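Structure first, commentary second.
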Amino acid sequence: MHRFWQLLTGRGRIFAVFGLIVTVVGMVGDQRDIMRLGLLLLVLPILAAILVARTRLRLSCERSVEPAQVPLGSPMRGRIVLGQQGRLPIGILMLEDAVPRELGNRPRFLIDRATLNWRREVEYPLLGRVRGRFRTGPLMVRTTDPFGLVRMDRQFVATSEVMVTPEIVPLPTLRAAGGAGSTGEAQPHRIGMVGTDDALIREYRQGDDVRRVHWRSTARRDQLMVRREEQAWDPSASVLLDSRESAHAGRGMHNSIEWAISAAGSVATHFLDSGFSVEIFDAGGPLHISGALGQHSSASRQLVVERLTDLRPRTTRTLHYAVESANADRPGQLIIAILGRLTPADAEVLLRVRGSRARGLAIMLDVASFAGEEDDERQRDATDLAQKVLLDNQWRVVRADRTTTVGDAWTRLDELSRVA
């Protein structure tokens, strides 16, 4: 009885209840005509339930989402091809596809006047509003009788996987990124056989390590000269991503952490395409990017995209784990830090990761601008002091707010490095 009641629509339940009442009244009043009317109202939902329950749907469903992988904020289209082959015509079909809220509203559509054999194709829009992996489907099919008294829900099992990735921005060549040693002057290239270092002499420049002073040449030329060494090495870069939840602000697709993740992915893929070995370190440690030289670049690019797609903000409030993981990795040539809200203590922690690398580059986000507000004076002073700590220790630092694109920040960083 409970199963039967669940099959009835609102109209069907009214028919059943009203039919039962009329039948009872007709029997009590010995009014056969009224009793027959009540029985008719009562029997109609029962017959409709039997018809719908015994209807064997022979539906076929083909589904897809195109494209199946899109950058954050990009549109997609869901496509469903539905077909029917049967001996009896069915009533009205109401269909609803299960779509996550992050991709849009659930599409509902109706198929009526269905013949014995038919085929329908339905498309609906989707929008990748949240980064991550999602599944659309399965498709739910609701069958009703021609009078709308009974409904039965059936469901397909097939689903479609969708991946909304960070936006990867093509970046221009960082002309100031060369340098295997502390001077950072040699352009990155691979040397197949390790041999004797090539020693070159040049004039001393402010910031050069005094241990590189070449005293013989200094005495001969009567001015301070330093060694410029080019060693056999494989170029590598480390990307440090500040993924602390407390260091970011903003909502939706344009919050500061999505900007930072997009920047980290763009920088990592840029250096992979340039032949570098790349590793990304977030606030929880390394992301284990397999970017070793000799591997196919596109495979490493896809791995970068997948790791960053699955990345979630960290509850930790320190960059200690990222810095320690980066220091445990091979030193490499470059450290590029994408930073959220920073304090002087955070900057002091970052100094440890710079010591073994030729260059330290940093993009500091104006996090408050992503939330449409301004930092208080105390926070501004802390941010300015953190920037000063980095600059005093030979980091190249640029600031970026909500209106700054990743490409613009990268260009400014290149210009600042070349001028320095």
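The values are calculated or read from the model by the stated rules, or taken from the named source; none is laboratory data. Source: prediction; values computed, not measured. Backbone-built Cβ (ideal geometry, glycine too); neighbour counts: all protein chains shown. Heavy atoms of the whole protein, side chains included, go into the accessibility calculation; ligands, DNA and RNA do not. Shrake-Rupley method; radii C 1.70, N 1.55, O 1.52, S 1.80 Å.
Residues that are among the hydroxyl-bearing types (Ser, Thr, Tyr), open to solvent by less than 80 Å² (accessible area, probe 1.4 Å) and under 22 Å from Arg352 (Cα atoms) within region 307-321 comprise Thr316, Thr318, listed in sequence order. Within the set Arg36, Arg13, the sole residue that is within 26 Å of Arg142 (Cβ to Cβ) and part of a helix (DSSP H, G or I) turns out to be Arg13.
Selection over region 341-378 of residues that are open to solvent by 30 Å² or more (accessible area, probe 1.4 Å) and either over 29 Å from the mean Cα position of the chain (by Cα) or under 15 Å from Val239 (Cα atoms) (or both) gives a count of 12.
Of all residues in region 16-31, exactly one satisfies the criterion of being open to solvent by 100 Å² or more (accessible area, probe 1.4 Å) and either closer than 15 Å to Val150 by Cα or not in a helix (DSSP H, G or I) (or both), namely Asp30.
Restricting to region 270-288, and then to whatever is over 22 Å from Pro172 (Cα atoms) and buried (at least 22 other Cβ atoms within 10 Å of the Cβ), can you tell me which residue is modelled with the lowest pLDDT?
Here is the first cut: in region 270-288, the ones over 22 Å from Pro172 (Cα atoms) are 281-288.
If we keep only those that are buried (at least 22 other Cβ atoms within 10 Å of the Cβ) as well, we get 281-283, 287.
Values: Phe281: 94, Asp282: 94, Ala283: 93, Leu287: 90.
For region 270-288, the residue satisfying everything is Leu287.
Filtered by the rule that a residue be among the basic types (Lys, Arg) and over 11 Å from Ile363 (Cα atoms), region 379-420 gives Arg380, Lys388, Arg402, Arg418.
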